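Structure first, then comments.
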Amino acid sequence: MTENTQHQNSSVPEPELPKTYAPAEVEGPLYERWVDRGYFAADAKSEKSPYTVVIPPPNVTGSLHLGHAFEHTLIDALTRRKRMQGYETLWQPGMDHAGIATQNVVERELAKEGKSRHDLGREAFVERVWQWKGESGGQISGQMRRLGDGVDWERERFTMDEGLSQAVKTLFKKLYDDELIYRAERIINWCPRCLTAISDIEVEYQDDDGELVSLKYGDGDETVVVATTRAETMLGDTAIAVHPDDERYKHLVGKLIKLPLTDRSIPVVADEHVDPEFGTGCVKVTPAHDPNDFEIGQRHNLPNIAVMDEHAVITAHGPFQGLDRLEARSAIVAALRAEGRIVAEKRPYTHSVGHCSRCKTTIEPRLSMQWWVKVGPLAKAAGDAVRDGQVKIHPQEMEKRYFDWVDNLHDWCISRQLWWGHRIPVWYGPNGEVVCVGPDDEEPTGEGWTQDSDVLDTWFSSGLWPFSTLGWPEQTESLEKFYPNSVLVTGYDILFFWVARMMMFGLYAMDGTPPFHTIVLHGMVRDQFGKKMSKSFGNAVNPLDWMDKYGSDALRFTLARGANPGVDVPIGEDWVQGSRNFANKIWNATRFALMNGATVEGELPPAERLSATDRWILSRLNSVVAEVDAYYEDYQFAKLSDALFHFAWDEVFDWYVELTKTTFQEGGQAAEDTKRVLGEVLDVTLKLLHPVVPFVTETLWTTLTGNESLVIAEWPKDSTFRDEAAEREIETLQQVITEVRRFRSDQGLQPGQKVPARLTLDGTALAPHEAAIRQLLRLQPEGEGFAATATLPVSGATVALDLSGTIDVAAERKRLAKDLAAAEKEITAANAKLTNEAFLAKAPDHVVDKIRGRLTKAEADIERIKGQLDALPAA
RNA sequence: GGGCGCGUAGCUCAGGGGUAGAGCGUCGCCCUUACAAGGCGAAUGUCGGCGGUUCGAAACCGUCCGCGCCCACCA
């Protein structure tokens, strides 16, 4: 880009900044400029130390919600700071194909046209999904640009793209060859609507009302009563189970019992699984439709009789054939009742029922041939990496959850009966051959060979994300440079789905190197009342709406400021407004500085020459640099944002800027020095703020310094300059001003009203600040006929005001009396402590000193207040 | 049934053995030459209840009450 076009495209206003910050005009062009200049591109050949964060890939099917905006703000802040610190920084972007979710969305689209995916056929359907992905994915990257996400767009990846598909095949093959992937027939969680198996964590349990009925099985002397909430499965019962030690039923074990409504008889078996205390102590066993029953069946060699098809419709011959599971349930209960076999009913009976996390349909446990990952060794390694301290989880409380999960994990069902996803790379031959095809292998051709029709769980490919995005299995420069990732930032809600899987696959595929060293788990975004955001509840917000209204910086700052570790983040529009106000405040403070000749040119003046005011703000500035750094290292986004907010607004923009006005008016060397200090303070403050509010700071900083961009500016270092004396001096100054302001306000004086005053500051720390005090308090020279009607002693100095007899003595007495009482109470409390020997003996010195200091201050306050009372004219 | 966490100002939340904090909201005065998206000033809490430890508890311990989340093969 030439100088000329750069200037034309520049959205950065010339030094004449408008009165109000208008984010909409600035943000878009700024972002594109950052990208065009390649600031976010990560160079694998760089000599710099790497800093890598992968985006938790959003589902390609959606658009970003506030939760994404939150997560991206945190990642962007982290990576922007590291970039400024001189790291070769990669924020890896991309999206997830989100198998079942995306397939469902596209199927719904098709349904609107009155079609099903079967009308299109597999190939055409998948083509259709790709088409959908094109549209939807564009929306997401558009939102990310609006947010200001500093990702390396050149490296954008998609879990279904060619390279990542190769990675998936490679890992599958490796796991298969290591016998960590196998195929087996088991009870799986089946969604009768999505028509696929899903894994254990894709099942959401909730308490549903059901009906517990007790059924009498058998005839004559040999009867048992079993309780069930799923009467329809009785058609598939193949045993009755009792506890081996249950005396009541010992005589029945091994006997056959007549199964009602059928012509079958089923054995009574003894199994430890049965709880003799529950119900009658007898359990009906339906191995084909219940995971526990399946286990019992395995132990006792029971047959599996499936009585339902994939739609959960009864297939068993007889009167119930063709009914779905709920219809069948009531029909069967009715039929049993007619036979007098219902001995008890309990309704409603609340029990936990599994639902498909995608469509909320009740899960049907189903016996089915599926592919599994044997998680034992993988999960062990994933747990150990955290136990060893190789990988740290923030906040630490989350480690417990992590361990509970990885230490008690069942094998992972990875096959899905879907069309959208990575097809399982296994081929079956005409003579029963099974061949797992690796990425470099030829696919078998010829008569009778077919590929497995299932696809992989979407989390299989996202489990490879930290290295597949870097080119694995190829040994690329990027992989070498940017693996392992530095930190993972994601929500605690996908700790198991995603984080644990990345840990397992990363450690396995990358020879024991964990995918990242730190896991930062953030909370969920909620509305301003702490309620979960959801479309159906009507409180969901499109981040674009708020960005349009208040600017991206405002949204980002609000989110960052709410980011306490691992805790949910409430957000309301009012709060975003508040952050917009902050951005505008930054804008105007910088505008003031520019109008008054603040500069970053040249060395800072030597401390000896600077006023206490300048030394104070520089001292505070350095403290804040140190504070912000410490918070970043601990991922305390709320703390660092809050610290910056208060430092910038309260200390710099209010006190310091106000104090510089007097200096600038007076001119001379002091004013020149202050211009430089003000420039310095803004320079550093804008840098500190930039990772969180990149747009407004970039605009202002480039104007202030004339430099190219804050994105590539150097992160501030604590120069270690501190001046506690100056800090105390300015504190005293603030006290005086606040005290007199309060008096003025209590007296009903208008803020602008000038009051004649006599200041007695000699011998106090306030002596050099007379001009500032007069300016900030609107105090006139005493002039002719000055008569002090109120004298305020503060910190050894006095401020005498001539209110020309208009003083409200009663109001002032009342207020002073209140203050006096408070101070006396303080003295009593402090004295009680200081005469308490146990306290003096045991309390640490700094606490005792603090109490002494408090006593001294209270005594001084009393003196001051008494002085003020004495100075009041009689009523 | 296990585990984790929370109850602090009207709302949302920090804090965490040594004088109760922030943002927003509220009240009063003011368009003071950076900013009314602003300035200045003010009010507001038995820190869920009860016990205990301690010189000192909102903070630590116990217990109770209320709330949230995670895990679990209670038929």
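The values are calculated or read from the model by the stated rules, or taken from the named source; none is laboratory data. Source: prediction; values computed, not measured. Neighbour counts run over all protein chains shown; Cβ positions are idealised from the backbone, glycine included. Surface accessibility is based on the protein's heavy atoms, side chains included, excluding ligands, DNA and RNA. Shrake-Rupley method; radii C 1.70, N 1.55, O 1.52, S 1.80 Å.
Table for the structure above
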item: Meets criteria (at pLDDT 95 or above, within 13 Å of RNA strand B (Cβ to nearest atom) and open to solvent by 10 Å² or more (accessible area, probe 1.4 Å)) for residue A:651; result: yes
item: Hits in the range A:554-575 - residues which are in contact with a helix residue (DSSP H, G or I) (Cβ under 8 Å, 6 or more places away or on another chain) and either outside any helix (DSSP H, G or I) or near RNA strand B (Cβ under 10 Å from one of its atoms) (or both); result: A:554, A:558, A:561, A:562, A:563, A:564, A:566, A:569, A:571, A:573, A:575
item: Residue check for residue A:150: within 19 Å of residue A:41 (Cα to Cα) and either part of a helix (DSSP H, G or I) or within 23 Å of the chain's Cα centre (by Cα) (or both); result: yes
item: Residue selected from the range A:823-847 under the condition aliphatic (A, V, I, L, M) and near RNA strand B (Cβ under 8 Å from one of its atoms), by the criterion most open to solvent (accessible area, probe 1.4 Å); result: A:841
item: Filter result for residue A:240 (under 26 Å from residue A:190 (Cα atoms), part of a strand (DSSP E or B) and not acidic (Asp, Glu)); result: yes
item: Failed item in (1) within 7 Å of RNA strand B (Cβ to nearest atom); (2) open to solvent by 10 Å² or more (accessible area, probe 1.4 Å); (3) more than 13 Å from residue A:365 (Cα to Cα), with residue A:265 passing the rest; result: (1)
item: Some residue of the range A:178-200 being of a type in the set (Asp, Glu), crowded, with 22+ Cβ neighbours inside 10 Å and within 12 Å of RNA strand B (Cβ to nearest atom); result: no
item: Given (1) more than 18 Å from residue A:298 (Cβ to Cβ); (2) open to solvent by less than 30 Å² (accessible area, probe 1.4 Å), index of the condition residue A:237 fails; result: (1)
item: Residue in the range A:137-149 that is surrounded by fewer than 20 Cβ atoms within 10 Å (Cβ to Cβ) and farther than 26 Å from residue A:554 by Cβ present; result: yes
item: Test: residue in the range A:335-357 that is over 19 Å from residue A:193 (Cβ atoms), within 14 Å of RNA strand B (Cβ to nearest atom) and touching a Phe, Trp or Tyr at 6+ places or on another chain (Cβ under 8 Å); result: yes
item: Residue selected from the range A:294-304 under the condition under 13 Å from residue A:269 (Cβ atoms) and in contact (Cβ under 8 Å) with a residue 40 or more places away in the chain, by the criterion nearest to RNA strand B (Cβ to nearest atom); result: A:296
item: Candidates A:313, A:283, A:353, A:269 - the one that is within 27 Å of residue A:204 (Cβ to Cβ) and either in contact with a Leu (Cβ under 8 Å, 6 or more places away or on another chain) or among the charged types (D, E, K, R) (or both); result: A:313
item: Residue within the range A:581-588 that is within 10 Å of RNA strand B (Cβ to nearest atom), in contact with a Phe, Trp or Tyr (Cβ under 7 Å, 6 or more places away or on another chain), farther than 30 Å from residue A:671 by Cβ and touching a residue at least 12 places away in the same chain (Cβ under 8 Å) present; result: no
item: Cβ-Cβ under 9 Å pairs, at least 6 apart or on other chains, the range A:30-50 side in a loop (DSSP other than H, G, I, E, B), far side of a type in the set (Gly, Ala, Ser) and open to solvent by less than 50 Å² (accessible area, probe 1.4 Å); result: A:37/A:709; A:39/A:150; A:39/A:709; A:40/A:150; A:42/A:478; A:44/A:478; A:48/A:86; A:49/A:86
item: Test set (1) among the hydrophobic types (A, V, I, L, M, F, W, C); (2) assigned to a helix (DSSP H, G or I); (3) closer than 21 Å to residue A:102 by Cα - residue A:160 fails condition number; result: (2)
item: Within the range A:301-324, tally of residues that are open to solvent by less than 70 Å² (accessible area, probe 1.4 Å), over 22 Å from residue A:240 (Cβ atoms) and touching a helix residue (DSSP H, G or I) at 6+ places or on another chain (Cβ under 8 Å); result: 3
item: Residues that are open to solvent by less than 70 Å² (accessible area, probe 1.4 Å), outside any helix (DSSP H, G or I) and of a type in the set (D, E, K, R), drawn from the range A:325-343; result: A:341
item: Subset of the range A:316-345 (residues that are under 47 Å from the mean Cα position of the chain (by Cα) and over 11 Å from residue A:213 (Cβ atoms)); result: A:323, A:324, A:325, A:326, A:327, A:328
item: Residue under evaluation residue A:131, criteria (1) open to solvent by 60 Å² or more (accessible area, probe 1.4 Å); (2) touching a residue at least 24 places away in the same chain (Cβ under 8 Å); (3) away from RNA strand B (no atom under 16 Å from the Cβ); (4) among the polar types (S, T, N, Q), criterion not met; result: (2)
item: All positions within the range A:654-667 that are on the phi < 0 side of the Ramachandran plot and either near RNA strand B (Cβ under 7 Å from one of its atoms) or surrounded by fewer than 16 Cβ atoms within 10 Å (Cβ to Cβ) (or both); result: A:654, A:657, A:658, A:661, A:665, A:666
item: Any hit, the range A:529-545, residues being closer than 23 Å to residue A:640 by Cα, within 8 Å of RNA strand B (Cβ to nearest atom) and touching a Phe, Trp or Tyr at 6+ places or on another chain (Cβ under 8 Å); result: no
item: Sole exception among (1) within 13 Å of RNA strand B (Cβ to nearest atom); (2) over 23 Å from residue A:362 (Cβ atoms); (3) out of contact with any Asp or Glu (no Cβ under 6 Å at 6 or more places or on another chain) for residue A:281, by number; result: (3)
item: Complete set of residues in the range A:104-116 that are surrounded by 11 or more Cβ atoms within 10 Å (Cβ to Cβ) and farther than 17 Å from residue A:361 by Cβ; result: A:106, A:109, A:110, A:115
item: Spans of helices (runs of 4 or more DSSP H) in the range A:576-694 with at least 1 residues touching a Lys or Arg at 6+ places or on another chain (Cβ under 7 Å); result: A:612-633, A:637-646, A:668-689
item: Enumerated strands (runs of 3 or more DSSP E) restricted to the range A:731-825, each holding at least 1 residues that are out of contact with any helix residue (DSSP H, G or I) (no Cβ under 6 Å at 6 or more places or on another chain) and of a type in the set (Ser, Thr, Tyr); result: A:755-760, A:797-801
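Condition check ((1) more than 16 Å from RNA strand B (Cβ to nearest atom); (2) within 19 Å of residue A:868 (Cα to Cα); (3) at pLDDT below 90) across all residues:
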| residue | (1), (2), (3) |
| --- | --- |
| A:721 | yes, no, no |
| A:730 | no, no, no |
| A:739 | no, yes, yes |
| A:744 | no, yes, yes |
| A:753 | no, no, yes |
| A:761 | yes, yes, yes |
| A:789 | yes, yes, yes |
| A:799 | no, yes, yes |
| A:805 | yes, yes, yes |
